[in-house]
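As structure tokens, the structure follows; a few thoughts come after it.
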Amino acid sequence: MNYYKNHGQLDLSDRLAIEIGICHKDSLKKIAKLLGRHPSTIAHEIKENRTFIPGNYFLGKDCRKVRTSVVHNLCGEEDCNQNCCRCRKYKCQDKCERYVSSACHKYDVAPYVCNTCYEKKLCVKEQYIYSAKHADAYVRRRRSESRKGVRLTDEQKNALDNLITRLVKKGQPLVHIYAEHKAEIPVSLRTLYNYIDEGVMTIRNIDLRRKTGYRQRKKGNKTAPGFADVGFRKGRTYAEFEQELGRKYNEKTVVEMDTVIGVREKAKKLLTMIFRNNNVMLLFLMPDGKAESVKRVFDYLEAGLGTDTFRRLFPVILTDNGSEFKRVDDLELTDQLEYRTHIYYCDPMASWQKGCIEKNHEFIRYAIPKGKSLSQYTQEDITLLMNHINSIRRPGLGNKSPYELVDETDSDFISLMHLLKMHLIPPDEVHLKPDLFDKK
């Protein structure tokens with residue numbers, strides 16, 4: 001059913017309809033249909049603008065055992081003799097093992113408020129009430145405050161400016177900085193971008209790579225005539241990969257693979273691989289971009305991990321149609337002619353089909369700009385870069401870094417990390433600029 005109509009923001013009449021619907025015990029779906037909105041819009045409105053009524057507990061404690069508690073000195077302070085249930089310095093749940101909360105959580109599910117609860121009048125627990133009048137006032141006040149410009153004291157503004165400037169100059173993305181220092185930053189990420197855009201901060205938009213680095217994409221042919229008939233692609237096209245996905249392979253087991261060049265010369269190139277389940281990217285420095293060099297990387301991983309572990313880590317690999325990946329039998333088969341992995345190829349001119357690794361190549365260019373030769377780097381340098389990239393926290397990963405998503409019980413992946421000398425970089429030490437290698 002299509003709920004969407006040409007409506008702007010909710011107004012007082014819409015909120016009155018929501019309040020009446022809640023009082024009539026109508027479902028959010030029914031209220032949404034009446035207003036021509038989506039049910040998620042109604043749920044968001046209620047949760048964002050409901051009124052909180054604090055509980056009236058005995059001694060201000062919501063523990064069920066507070067009336068009978070005679071526990072003393074849980075804090076460990078020598079001169080403290082009062083009953084712990086009367087203490088205002090510490091929270092019961094932090095100190096007492098006997099703590100059992102008596103709070104009600106009926107408002108955690110739809111309709112997310114206590115308007116129709118039959119115990120509401122006599123209830124002494126925390127409550128949420130939805131009032132159209134109060135909700136409309138909340139929204140108007142928030143909207144007014146959001147348009148007042150910078151709402152920070154000079155001290156807060158200077159502290160924020162110093163923090164952001166110091167870390168951005170290290171090459172850290174703004175999302176990584178916000179994920180690590182969210183508790184220290186008194187504004188939202190969107191507001192932080194607005195401050196930079198308005199010139200409030202020392203750094204400018206030019207200091208944010210993604211703000212100025214994207215160009216409009218050109219349209220081109222999605223397929224090249226006759227390309228699907230190339231021998232190495234038979235049985236390994238993207239369409240066949242999608243057919244096998246879900247039937248034979250799991251989305252989380254897919255590994256994407258590509259290469260990165262410095263300059264167009266017969267020199268060193270990077271082989272990149274990324275695991276879709278945790279976004280950990282592997283970087284290997286190759287002497288050239290030939291198929292034999294890619295095979296040597298595969299052989300090295302198989303020898304270091306063991307064939308069985310290699311199969312579990314790299315069951316299926318999705319890559320492009322570069323000449324370095326055309327010797328498919330050399331990559332898929334061991335020396336004993338047994339399968340160690342299965343390789344599939346994206347459609348021509350369709351890099352979005354392996355968008356995860358294409359997106360992560362952006363981080364490589366932070367430290368190794370496009371057009372710079374890779375000849376001066378060693379594998380030790382590339383491993384350092386790999387560790388810094390995999391330590392960046394990202395909103396799409398729940399504000400965690402790829403390394404933080406690695407399951408500590410996954411012995412196969414832990415073996416891979418030991419083999420390639422992979423380790424987490426502390427958040428504030430992440431550095432993604434060309435002078436990273438000077439700091440080694």
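Listing for the model above:
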{"item": "Scan of the range 60-84 for residues that are open to solvent by 40 Å² or more (accessible area, probe 1.4 Å) and farther than 13 Å from V100 by Cβ, ordered by number", "result": "G60, V70, H72, N73, L74, G76, E77, E78, D79, N81, Q82"}
{"item": "K133, sole failed condition from (1) surrounded by 13 or more Cβ atoms within 10 Å (Cβ to Cβ); (2) at pLDDT 90 or above; (3) of a type outside the set (F, W, Y)", "result": "(1)"}
{"item": "Residues of the range 186-204 classified as open to solvent by less than 10 Å² (accessible area, probe 1.4 Å) and under 25 Å from S391 (Cα atoms), total", "result": "3"}
{"item": "Number of positions in the range 418-434 that are more than 14 Å from L167 (Cα to Cα) and part of a helix (DSSP H, G or I)", "result": "3"}
{"item": "Selection status of K372, touching a residue at least 60 places away in the same chain (Cβ under 8 Å) and surrounded by fewer than 16 Cβ atoms within 10 Å (Cβ to Cβ)", "result": "yes"}
{"item": "Residue in the range 356-376 that is at pLDDT below 95, basic (K, R) and in a loop (DSSP other than H, G, I, E, B) present", "result": "yes"}
{"item": "Test: residue in the range 54-75 that is within 27 Å of L122 (Cβ to Cβ) and under 31 Å from the mean Cα position of the chain (by Cα)", "result": "no"}
{"item": "Single residue of K106, K182, K169, K91 found to be at pLDDT below 85, under 33 Å from the mean Cα position of the chain (by Cα) and open to solvent by 80 Å² or more (accessible area, probe 1.4 Å)", "result": "K91"}
{"item": "Failed item, numbered, when A17 is tested on (1) touching a residue at least 12 places away in the same chain (Cβ under 8 Å); (2) closer than 30 Å to A132 by Cβ; (3) among the small types (G, A, S); (4) not in a helix (DSSP H, G or I)", "result": "(4)"}
{"item": "Boolean, S102 is touching a strand residue (DSSP E or B) at 6+ places or on another chain (Cβ under 8 Å) and more than 18 Å from S131 (Cα to Cα)", "result": "yes"}
{"item": "The one condition in (1) crowded, with 20+ Cβ neighbours inside 10 Å; (2) farther than 26 Å from I392 by Cα; (3) not small (G, A, S) that L318 fails to fulfil", "result": "(2)"}
{"item": "P402 vs. criteria within 30 Å of H431 (Cα to Cα) and exposed (fewer than 14 other Cβ atoms within 10 Å of the Cβ)", "result": "no"}
{"item": "Residue tally, condition touching a strand residue (DSSP E or B) at 6+ places or on another chain (Cβ under 9 Å) and among the acidic types (D, E), over the range 32-47", "result": "0"}
{"item": "Close pairs (9 angstrom Cβ cut-off, 6 or more residues apart or separate chains): more than 26 Å from K61 (Cβ to Cβ) in the range 99-120, of a type in the set (K, R) anywhere", "result": "P111/K25; T116/K25"}
{"item": "Among residues of the range 295-315, those that are free of Cβ contacts under 8 Å to residues at least 24 places away in the same chain and either open to solvent by less than 10 Å² (accessible area, probe 1.4 Å) or aliphatic (A, V, I, L, M) (or both), counted", "result": "1"}
{"item": "Lone qualifier among Y249, Y238 - being hydroxyl-bearing (S, T, Y), open to solvent by less than 100 Å² (accessible area, probe 1.4 Å) and modelled with pLDDT of 85 or more", "result": "Y238"}
{"item": "All positions within the range 181-201 that are under 23 Å from P426 (Cα atoms), in a loop (DSSP other than H, G, I, E, B) and not small (G, A, S)", "result": "H181, K182, E184, I185, P186"}
{"item": "Unique match (being surrounded by 14 or more Cβ atoms within 10 Å (Cβ to Cβ) and either modelled with pLDDT under 90 or not in a helix (DSSP H, G or I) (or both)) among D335, D381, D412, D347", "result": "D347"}
{"item": "Residue match in the range 285-294 (condition: in contact (Cβ under 8 Å) with a residue 12 or more places away in the chain, more than 18 Å from F275 (Cα to Cα) and of a type in the set (K, R))", "result": "yes"}
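The values are calculated or read from the model by the stated rules, or taken from the named source; none is laboratory data. Keep in mind that what you see is a predicted model, and the values were worked out from it rather than measured. Heads up, the Cβs are rebuilt from the backbone with ideal geometry, glycines too, and the neighbour counts pull from every protein chain shown. These accessible areas exclude ligands, DNA and RNA; they are computed on the full protein's heavy atoms, side chains included. Shrake-Rupley method; radii C 1.70, N 1.55, O 1.52, S 1.80 Å.
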